[in-house]
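The values are calculated or read from the model by the stated rules, or taken from the named source; none is laboratory data. As the structure is a computational prediction, the values presented were derived from the model and not from experiment. Here the Cβ positions follow ideal geometry from the backbone for every residue, glycine too, while neighbour counts run over all protein chains shown. For accessibility, only protein heavy atoms count, side chains too; no ligands or nucleic acids. Shrake-Rupley method; radii C 1.70, N 1.55, O 1.52, S 1.80 Å.
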Amino acid sequence: MENVIYVKELTKRFGDFTAVDGIGFEVRKGEVFGFLGPNGAGKTTTIRMLTGLSKPTCGSASVLGLDIKSEIINVKKRIGVVPEISNLYDELSGFDNLLFMAQLYGVPRTQRKRRAEELLKTFRLYERKDGLFRTFSRGMKRALAIAAALIHNPEVIFLDEPTVGLDVVAARSLRNLISNFRRQGITIFHTTHYLEEADLLCDRVAVLVKGKILTIDTPEALKSKTNKKSLEEAFMKITGLEPDVMAIEKGK
Amino acid sequence: MWRDNLRGIYYIALKDLKTYYLKGSAVSWGIVFPITWILAFYLRNPQDFKELVPGLIAMTILFSTTATETVVINFELRLGSLERLLLAPIDISAVLLGKVLGGVVFGFVMTAVATIGSVVMLGLHPNVLYLIIIIIPSLFVFSSLGAFLCLTVREVFEAQTLLNLPRFLMVFLSGVIYPISKMPLALQYFSYLLPLTYTVYGLQLSFSAASSKMVFLYTLILTSFFMIFTVPAVMLFRKKFE
C-alpha cells in the first residue's frame, strides 16, 4: 500500500529540551493513523513540523511524496489541518470564515460560495452561517474549524485533539465524520489522548512518550501483545504508566 | 508560487480591513487624533495653519497605518488565528506583507480624506505627483515599522507602548509641528535618522510652488526605510515560528 506520510529520524529541540526525539513512521494512503501519548509527549510538535508550522531540528519527512523542508507550500496545498485550538476569526461570520479560507487556498472563484455552503450544510451550521464565529458554541466552533480545513478538498487531514472540550453528542458526530473520511479514502493523521476514541477509529496507532515512539501497531495487536482488554490498559502497560495508576487506585 | 503569494497578500489585507480597520476605534485613532492635535496648534496661531498642513498629513499617515497593527499582529498571535494564516499555501513573508498592506490601504483612505479636506478648505494647490510619490512609500514605511515593532513583543499592551515611543518621538522631532532648522544641532542630526522627516520634507515640497528633484531623493530614502523595517520583520516572523 502507498505511503502518504514518511518520517525518518525526525527531531525537534527547543534549546536543551528535546520535544521529538528521532522518530520514524509511515502512514498509508486512506488509513486513520492515531498518534497517542500523554500531554507533552510531542504529538502537537510532530504535527507542527509535518504541516510546516515549525522546522525540524534534524531528520526528514515527506507528505504525499513532497519534502516538508523544500516543498512545504505544495504540501500545504494538499493537506487540511485542524489545530488543537479553533482559531478562526471571531469578527467574521461562519460563512465569511469559510470563504476567506477558500480564497487563501486558491479554490476557484466560481466554486468558493458553493463549497462553503456545502460544508456548512454538512456540519449542520447552515442556519447559523451569518452568525459571528465568536457567538458559536465550542462544538460549533470545532465543527467550523474542521469545515475550514476541508474547504480545498485535501488528500490528508491532520486532526490535533479534535474532540477536546466537545460534549458527547458533538464528539460522537465528529467520530462519525472521521469514519466518513476514511470511506472516502482520505488519509487521517489523528492525535488524541482519548484512547477509546483511538480504539474506535484508528487503523493503526503509534504510542509516543517523551518524544520517542515506543510502538506502532493496530489497536487489536497492541491489546493482544499486552494481554489487555482495552487499548487504554494496553497503553498504560506500554508506556509504563500502569504502576502509577495502580498506586493512585490503592491510595483511594 | 508568486501568484499564490499575491493572492494571499490581497485576501489577508482585505480580511483585516473588514475585520479590524473599519471600526470606530481605528478610524478615530487614525484621523481624529492628528486633527485634534493640529487643531490645538491652529487655535494658538491661526495665521500659520497652512504651514501645518504637511505635518497634519504626515501625522495622519503615521497614526492611521499603525492604528490597528497591534491587533492584526499581537492579538492574532495570542488567539492563534495568525497561525491559521501560516497553514495556508503561501510564504510567511506574504502573510506579513498582507498585514502591512491592510495598514497601507487604511492609511491611504485616511490620508486621502485629510489631504483632500485640507486642499479644499484652504484652497491649496499641491503638486499631485509629488504628493503621490511621497505619501505611498510613507504609508508602506510606517505600516512596516508598526509590524516590525509588534513582532518584537508578544502582548498587545507591550506593542502599544512600544509603538508610542517612535510615534511621539517623530511627531516632535521630524518637523511636524516645530521646524527642524530651529532645533539644536544634535537634534537636527538625529531627525535625519527618522523616516517621518522625509515625509514632512516631501510634503512641504508638494505644497510649495517650487519644483525640486529632492522629492525623488526623499522617495528613495523612504523606500529604503521600508526595506530596513520589512526585512528584519520577516526574519523575526520566521524565527517566531521555527
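Under 10 Å, Cα contacts only: if you run a Gaussian network model on chain A, which one of A:208, A:66, A:50 comes out with the highest mean-square fluctuation?
A:66
Given a 1.4 Å probe and heavy atoms of the protein chains only, how would you sort A:215, B:161, largest accessible area at the top? Working shown, then result.
Values: A:215 25, B:161 95 Å².
Order by accessible area, largest first: B:161, A:215.
Before anything else, pin down the relative contact order of the range A:35-132: Cα pairs under 8 Å, at least 6 apart, normalised by residue count, whole percent.
Values: 69 pairs, mean separation 18.7, N = 98.
For the range A:35-132, the relative contact order is 19 percent.
Mind ranking A:122, A:51 by accessible surface for me, highest first, 1.4 Å probe? Can you show the working numbers first?
Working: A:122 85, A:51 0 Å².
Result, largest first: A:122, A:51.
Inside 10 Å of the C-beta atoms of A:83-91, what's the mean count of C-beta atoms belonging to other chains?
Rounded to a whole number, the mean comes out at 5.
Give the accessible area for residue B:119 in Å² (nearest 10); use a 1.4 Å probe, count only protein heavy atoms, and leave out ligands, DNA and RNA.
Roughly 40 Å² of residue B:119 is accessible to a 1.4 Å probe.
Leaving out ligands, DNA and RNA but keeping every protein chain, what accessible area does residue A:17 have, in Å² rounded to the nearest 10, with a 1.4 Å probe?
Probe radius 1.4 Å; accessible area of residue A:17 about 120 Å².
Sort B:139-151, A:145-157 by packing, meaning the average of other beta carbons within 10 Å per residue, with the highest value first.
Numbers: B:139-151: 26.8, A:145-157: 21.5.
The packing order, highest mean first, is B:139-151, A:145-157.
Determine the order of B:79, B:86 by accessible area, beginning with the largest, at a probe radius of 1.4 Å. Walk me through the numbers before you get to the answer.
Numbers: B:79 75, B:86 10 Å².
Result, largest first: B:79, B:86.
Taking amide H positions as placed in the peptide plane 1.01 Å from N, state which residues far from residue A:202 in sequence (5 or more) or on other chains have amide H under 5 Å from it.
none
Short version: ³J(HN,Hα) in whole Hz for each residue of the range A:10-22, in order, from phi by Karplus 6.51 cos²θ - 1.76 cosθ + 1.60 (θ = phi - 60°), x for Gly and Pro, what are they?
Once rounded to whole Hz, the list reads 6, 9, 9, 10, 10, x, 7, 8, 9, 7, 10, 10, x.
What total accessible area, in Å², is buried where chains A and B meet, using a 1.4 Å probe and rounding to the nearest 100? Please list the in-between numbers first.
Working: alone 13040 and 12050 Å², together 22550 Å².
Buried area between the two chains comes out at roughly 2500 Å².
Using 27 Å as the Cα-Cα cut-off, could you pick out the over-long pairs in A:141/B:23; B:18/B:50; A:43/A:223?
Numbers: A:141/B:23 24 Å; B:18/B:50 34 Å; A:43/A:223 22 Å.
Over 27 Å Cα-Cα: B:18/B:50.
222 nm [θ] for the protein assembly as shown, helices only, -39500 (n - 2.57) per DSSP H run of 4+, per residue, to 500? If you can, show how the numbers build up before the last one.
Values: 22 runs with 282 residues, N = 494.
Only helices count here, giving -18000 deg cm²/dmol.
When we measure straight from the Cα of residue A:228, which aspartates and glutamates land under 19 angstrom away, once same-chain ones fewer than 8 places off are left out?
Leaving aside aspartates and glutamates fewer than 8 places away in the same chain, those within reach of residue A:228 are A:196, A:197, A:199, A:203, A:217, A:220, A:242, A:244, A:249.
Amide H neighbours of residue A:214 under 5 Å, counting only residues 5+ apart in sequence or on other chains, H built in-plane at 1.01 Å?
When sequence neighbours closer than 5 places are left aside, the close amide H contacts are A:207, A:208, A:209.
Heavy atoms of the protein only, probe of 1.4 Å, neighbouring chains included. What is the accessible area of residue A:194 in Å², nearest 10?
The accessible area comes out at roughly 90 Å².
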